[in-house]
1. All but one of (1) farther than 25 Å from LYS95 by Cβ; (2) loosely packed, with under 14 Cβ neighbours inside 10 Å; (3) modelled with pLDDT under 85 hold for SER177, so report the exception by its number.
2. Being within 18 Å of LEU58 (Cα to Cα), at pLDDT 95 or above and aliphatic (A, V, I, L, M) is the requirement here; does ALA83 meet it?
3. If you check GLN101, GLN53, which single one turns out to be among the polar types (S, T, N, Q), open to solvent by 40 Å² or more (accessible area, probe 1.4 Å) and closer than 16 Å to GLY18 by Cα?
4. Anything in region 88-107 that is in contact with a strand residue (DSSP E or B) (Cβ under 6 Å, 6 or more places away or on another chain) and on the phi > 0 side of the Ramachandran plot? List them, or say none.
5. Restricting the first residue to region 132-151 and requiring it to be assigned to a helix (DSSP H, G or I), which pairs with a second residue that is among the charged types (D, E, K, R) and open to solvent by less than 70 Å² (accessible area, probe 1.4 Å) meet a Cβ separation below 7 Å and a spacing of at least six or different chains?
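The values are calculated or read from the model by the stated rules, or taken from the named source; none is laboratory data. Not measured: the values here are computed from a predicted model. Every residue, glycine among them, receives a Cβ derived from its backbone with ideal geometry; neighbour counts consider all protein chains shown. Note: accessible area is taken over every heavy atom of the protein model, side chains too, but ligands, DNA and RNA are not part of it. Shrake-Rupley method; radii C 1.70, N 1.55, O 1.52, S 1.80 Å.
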Amino acid sequence: MVELVSRRGRTLQRYNSGCRLVAGCIPYRFKKTDKPSLGDIDQAIEVMVVSSQKGRELMFPKGGWELDESMQAAAAREAFEEAGVRGKFEGKLGKWPSKEQDKIHHMFAMRVTEVLPQWPEMNARERKWVSVAEAREVCKHAWMSEALDKLQELLSTSSEQDNCSAQHALTPLTENSILSCT
């Protein structure tokens, strides 16, 4: 049974030097084609964006990293709550401060394995699959564009490795592992 309730409040939020720590991901999937073209990652994948609860702004699923969870668990929870997706983490894209310098966003690449028909914030948010180019246009924060650059770099690097198929080019990562293809 799926619990369709989002966590609320900030009593368990993590902070570092006054900055709220945020975890999130860029959910992506390979486009449904007979032969994905990994030579042009933008043509091979789609990323999911979600609307803000406070307006029509589009962004990647992200939210507070709480004391009782790992960074990846927080990113997975946010992807489930805000976008209704589950998947495998393929690597950490990096960390970026917010424009206001009050948050630090830790972002991961997540290859989507399941798109749920119902999710906790489905009545408060819209989700949408878009190309990387479209995501760059709709995401207003510079750090989101940089995270997309890192996603493209990660996927391009892994697609160039020998003996990796296009659909399985990435290996799930833990926070301390390195990208490899076996």
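1. Answer for SER177: the failing condition is (1).
2. Considered against the rule, which asks whether it is within 18 Å of LEU58 (Cα to Cα), at pLDDT 95 or above and aliphatic (A, V, I, L, M), ALA83 comes out as yes.
3. Exactly one residue qualifies, and that residue is GLN101.
4. Answer for region 88-107, where residues must be in contact with a strand residue (DSSP E or B) (Cβ under 6 Å, 6 or more places away or on another chain) and on the phi > 0 side of the Ramachandran plot: just GLY91.
5. The qualifying pairs are VAL132/ASP42; ALA133/ASP42.
This table checks each residue for (1) within 21 Å of ASP102 (Cα to Cα); (2) assigned to a loop (DSSP other than H, G, I, E, B); (3) modelled with pLDDT of 65 or more.
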site	(1), (2), (3)
SER6	no, yes, no
ARG10	yes, yes, yes
LEU21	yes, no, yes
GLY24	yes, no, yes
TYR28	no, no, yes
